[in-house]
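For reference, the structure discussed in these notes is given below.
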Amino acid sequence: MYAKPVSDAVSRIENALKRFLESKTVGAIAESWRHDMPEVSARWKGEDGIERNIVFLVHAETVELEVNAWKDDQINRKRHWGNFRVAILTHQCDNANFDTALAALLEFAYKTISTVSIDQLTKVSDLPLATN
């Protein structure tokens with residue numbers, strides 16, 4: 001299990017993300033993973049066909065916030081994608097400051113990734129072959 005500061009940070013991020021997503025109409029799905037490194041994320045597909053996510057990676061004393069976007073080309077079996085680190089913040093500060101920082105960073109991250117176009121997805125990877 002994780003130390004209390006990490007567990008507390010994960011819970012606060014989950015709550016902030018759920019509140020934030022309620023104000024958006026993107027149909028995002030929020031998930032939490034608590035394996036070797038706790039992760040809280042939200043994922044959705046835009047009207048432009050680009051899939052996007054916001055990801056919080058929770059470490060012992062800090063939280064990394066990154067956003068990702070990708071679009072799969074099934075015909076050519078390629079994924080066009082981009083990854084953008086937004087911020088690293090400490091969760092060792094008081095709760096009010098942490099919550100204020102989370103709200104501001106979520107808004108910034110959402111605006112950043114929501115405006116990404118296919119032209120900005122400059123990385124390309126092969127898609128795995130489909131198996132039946």
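The values are calculated or read from the model by the stated rules, or taken from the named source; none is laboratory data. Quantities reported herein were computed from a predicted structural model and do not represent experimental measurements. Here the Cβ positions follow ideal geometry from the backbone for every residue, glycine too, while neighbour counts run over all protein chains shown.
Data for the structure
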| quantity | calculated |
| --- | --- |
| Number of the condition not met by residue 100 [criteria: (1) β-branched (Val, Ile, Thr); (2) assigned to a loop (DSSP other than H, G, I, E, B); (3) surrounded by fewer than 18 Cβ atoms within 10 Å (Cβ to Cβ)] | (2) |
| Criterion violated by residue 70 - all others in (1) among the aromatic types (Phe, Trp, Tyr); (2) assigned to a strand (DSSP E or B); (3) over 19 Å from residue 121 (Cβ atoms) satisfied | (3) |
| Selected residue (only one of 24, 45 is surrounded by fewer than 19 Cβ atoms within 10 Å (Cβ to Cβ) and either more than 14 Å from the chain's Cα centre (by Cα) or on the phi > 0 side of the Ramachandran plot (or both)) | 24 |
| Residue that is surrounded by the fewest Cβ atoms within 10 Å (Cβ to Cβ) [pool: residues in region 53-85 that are more than 22 Å from residue 16 (Cβ to Cβ) and aromatic (Phe, Trp, Tyr)] | 70 |
| Residues satisfying the stated conditions in region 79-109, i.e. more than 14 Å from residue 12 (Cα to Cα) and touching a Lys or Arg at 6+ places or on another chain (Cβ under 7 Å) | 80, 81, 82 |
| Residue within region 2-18 that is assigned to a loop (DSSP other than H, G, I, E, B) and more than 14 Å from residue 102 (Cβ to Cβ) present | yes |
| Lone qualifier among 50, 13, 88 - being farther than 28 Å from residue 126 by Cβ and crowded, with 18+ Cβ neighbours inside 10 Å | 13 |
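Here is a yes/no grid of residues against (1) at pLDDT below 95; (2) polar (S, T, N, Q); (3) outside any strand (DSSP E or B); (4) under 19 Å from residue 6 (Cα atoms):
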position: 40; (1), (2), (3), (4): yes, no, no, yes
position: 43; (1), (2), (3), (4): yes, no, no, no
position: 47; (1), (2), (3), (4): yes, no, yes, no
position: 57; (1), (2), (3), (4): yes, no, no, yes
position: 60; (1), (2), (3), (4): yes, no, yes, yes
position: 81; (1), (2), (3), (4): no, no, no, no
position: 84; (1), (2), (3), (4): yes, no, no, no
position: 93; (1), (2), (3), (4): yes, no, yes, yes
position: 96; (1), (2), (3), (4): yes, no, yes, yes
